[in-house]
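The values are calculated or read from the model by the stated rules, or taken from the named source; none is laboratory data. Computed from a predicted model, the values in this text were never measured in an experiment. Cβ atoms come from the backbone with ideal geometry, glycine included; neighbour counts cover every protein chain shown.
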Amino acid sequence: MTPTGLIDVHAHFVTDGYVTAARSAGIEHPDGMPGWPTWSAGQHLDLMDRGGIDRSYLSVSSPGVHFGDDEAARALAREVNEFGARVRAVHPERFGLFASLPLPDVEGALAEAAHALDVLGADGVTVESNHRGVYLGDPRLEPLWEDLDRRGAVVFVHPTSPPHADQVALGRPRPMLEFLFDTARTASDLLFRGVLARRPRVRWILTHGGGALPLLTDRMELFRTLFGEGTANAPSTAEQLGRLWYDMAGTPFPRQIPALEAAFGTEHLLYGSDYCWTPVEAALAQVASVDSAARPSADDTWRDLTTRNAHRLFAADPR
């Protein structure tokens, strides 16, 4: 039997213009990484064919599009979103698009979300775990969440370096540890500030199996109940976080996905490659680890389960 094709919700692209803009802002080693990757649709399609990936939803990764100037960020967001839309138009069966927003510029983000979703037909938007130190529960972002909740939009939350990253990362690449902690930090901010409870129609996707969240959920609930953190009478921490969607980019087996499953189950688990920031051979090795892991059930492979979940996520009613 032909294996089920994967649907990759965590796939990236870069453009020459984007990398030039980042370098002009002094970013030669993004998030402490050695340098910038290259990307082309042809290279990406080759990876997909080799890995049995049917469709990839493209997004711009960390450090996002805002390098300090609102107007420049608005222009760069428009540039990369229109590039991604053109790629998707050429390969409509293979690529989707999560559009970049120029946060923390909320007015610009609202305008770009409307253009991306209403004009370009993007499949969702992508945001970073923090934007120049503004985490996603910050009240300044509430107008954006209100708009995206009204739309029932998919919001792909990609981790980025935390404030004072040079001090906390101890000279190591931030994607190794800090990205996983920053995912948990921003998810906790969304929960404790009541955004998850107020905006239930937003379809949040968190990366890398939720980072550190599966191990922190019980501790967060303890503080929520004993010390009054979060919104009164809101559902439990596990219930609120269990409504989110999670991809398995990175090192899903043998430990990350079992921890996620124990905390939240697998009904909202999705596949993610993290290409092009993850090199081709590493992305293929990750696919092999997914295919060789113990099956989630007698009737399912991880391919079956994550692809079925992705179809639900992108349906008009994801329940």
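Table: residues versus (1) surrounded by 18 or more Cβ atoms within 10 Å (Cβ to Cβ); (2) farther than 30 Å from R198 by Cβ.
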residue: F223; (1), (2): no, no
residue: L244; (1), (2): yes, no
residue: D274; (1), (2): yes, yes
residue: R295; (1), (2): no, yes
residue: A298; (1), (2): no, yes
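Would you pick out the residues in the range 8-20 that are touching a Leu at 6+ places or on another chain (Cβ under 7 Å) and aliphatic (A, V, I, L, M)? Of everything in the range 8-20, those that are touching a Leu at 6+ places or on another chain (Cβ under 7 Å) and aliphatic (A, V, I, L, M) turn out to be V9, A11. Criterion applied to W204, W145 was being crowded, with 19+ Cβ neighbours inside 10 Å, farther than 20 Å from S236 by Cβ and at pLDDT 95 or above, and the one residue passing it is W145.
Is it fair to say D8 is assigned to a strand (DSSP E or B), of a type outside the set (K, R), out of contact with any helix residue (DSSP H, G or I) (no Cβ under 7 Å at 6 or more places or on another chain) and buried (at least 16 other Cβ atoms within 10 Å of the Cβ)? Here the answer is yes, as D8 does meet what is asked. Picking from residues in the range 47-61 that are without any contact (Cβ under 8 Å) to a residue 60 or more places away in the chain and assigned to a helix (DSSP H, G or I), the one that is surrounded by the fewest Cβ atoms within 10 Å (Cβ to Cβ) is D49. Restricting attention to the range 155-190 and to residues that are among the aliphatic types (A, V, I, L, M) and either out of contact with any helix residue (DSSP H, G or I) (no Cβ under 7 Å at 6 or more places or on another chain) or farther than 22 Å from A113 by Cα (or both), the residue that is surrounded by the fewest Cβ atoms within 10 Å (Cβ to Cβ) turns out to be L170.
If you go through the range 11-43 and pick out every residue that is of a type in the set (V, I, T), touching a residue at least 60 places away in the same chain (Cβ under 8 Å) and either crowded, with 16+ Cβ neighbours inside 10 Å or touching a Phe, Trp or Tyr at 6+ places or on another chain (Cβ under 8 Å) (or both), you end up with 2. Name the pairs whose Cβ atoms lie under 9 Å apart, with the first residue in the range 102-119 and crowded, with 20+ Cβ neighbours inside 10 Å, the second modelled with pLDDT under 95 and in a helix (DSSP H, G or I), and 6 or more positions between them or separate chains? That search, which allows pairs on different chains as well, returns nothing.
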